1. For Met1 and Leu61 in the same chain, what is the full-extension length gain: residue separation times 0.36 nm, less their Cα-Cα distance, in nm?
2. Compute the distance in nm between two label points, each set 7 Å from the Cα along the Cα-to-Cβ direction, one at Ala11 and one at Glu35.
Amino acid sequence: MIVTLILGLIAGLLASIVGGALSGLRIGKDALGAELAVYMGGLYGILTGSLAVVVTLIILLLT
């Protein structure tokens with residue numbers, strides 16, 4: 001069970017980084033440049049996604 005929890009945490013965090021980077025590239029490429037937009041998107045993706053992943057895993061663990 002602990003292995004599943006750790007794998008879910010890792011997969012969720014990686015998905016949030018990738019999703020944030022892709023959305024940052026899509027939204028901010030013209031205004032900021034591609035590289036900076038990806039960095040900022042990845043940063044905000046991990047900041048917001050980490051909370052969502054942790055809360056979801058806690059809820060799944062309790063059910």
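1. Answer, rounded to one decimal: 20.7 nm.
2. 3.4 nm
Bear in mind these aren't lab numbers, they're just calculated from the coordinates by the rules spelled out. Only a predicted model underlies this, so the values are computations on that prediction, with no experimental measurement involved. Methodologically, a virtual Cβ is constructed for each residue, glycine included, from the backbone with ideal geometry; neighbour enumeration extends over all protein chains shown.
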